[in-house]
Amino acid sequence: MKNVVILNMEQLEDRLRYWQARLRLQDWGIEIVFKRAYDLGDYWGKIHVMDDKKRARIEIMDAVDLDPNSMAPFDMEQILLHELLHIHFYPMTKGEDSVAEEQAI
């Protein structure tokens with residue numbers, strides 16, 4: 001497997017604080033949890049946003065479910081950043097799946 005960046009929860013929370021500051025999301029309460037691949041379907045990460053409360057929950061695939069034969073890069077920090085960017089788009093899309101939103105991110 002190429003281009004793999006696996007972080008523990010402490011490292012992810014550190015990166016979360018960094019990216020919250022860079023993206024000006026410090027006023028948001030954001031929780032990160034590891035989830036098994038069977039809970040996430042075809043995704044490596046998901047976000048659940050409650051914009052009226054400025055709260056979000058980011059789910060990131062647990063590294064135990066990585067396919068060692070996969071050629072796709074797996075970087076937990078990139079997944080975290082991708083999910084955080086959804087917060088900026090949420091007021092426009094209200095969480096509806098949007099190809100345009102995914103392309104913008």
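Brief remarks follow.
- First in the stretch 32-45 and in contact (Cβ under 8 Å) with a residue 60 or more places away in the chain, second anywhere and among the small types (Gly, Ala, Ser) and not in a strand (DSSP E or B), Cβ under 6 Å, 6 or more apart: none
- Val64 being at pLDDT 90 or above and either open to solvent by 80 Å² or more (accessible area, probe 1.4 Å) or in a loop (DSSP other than H, G, I, E, B) (or both): yes
Residues checked against (1) closer than 16 Å to Leu7 by Cβ; (2) open to solvent by 50 Å² or more (accessible area, probe 1.4 Å); (3) aromatic (Phe, Trp, Tyr); (4) not in a strand (DSSP E or B):
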| residue | (1), (2), (3), (4) |
| --- | --- |
| Leu25 | no, no, no, yes |
| Phe34 | yes, yes, yes, no |
| Tyr43 | no, yes, yes, yes |
| Ala72 | no, no, no, yes |
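The values are calculated or read from the model by the stated rules, or taken from the named source; none is laboratory data. Bear in mind the structure is a predicted one, so any value in this text is a computation, not a measurement. No Cβ is skipped: glycine too gets one built from the backbone with ideal geometry, and neighbour counts run over all protein chains shown. Keep in mind that these areas ignore ligands, DNA and RNA; they rest on the heavy atoms of the full protein, side chains included. Shrake-Rupley method; radii C 1.70, N 1.55, O 1.52, S 1.80 Å.
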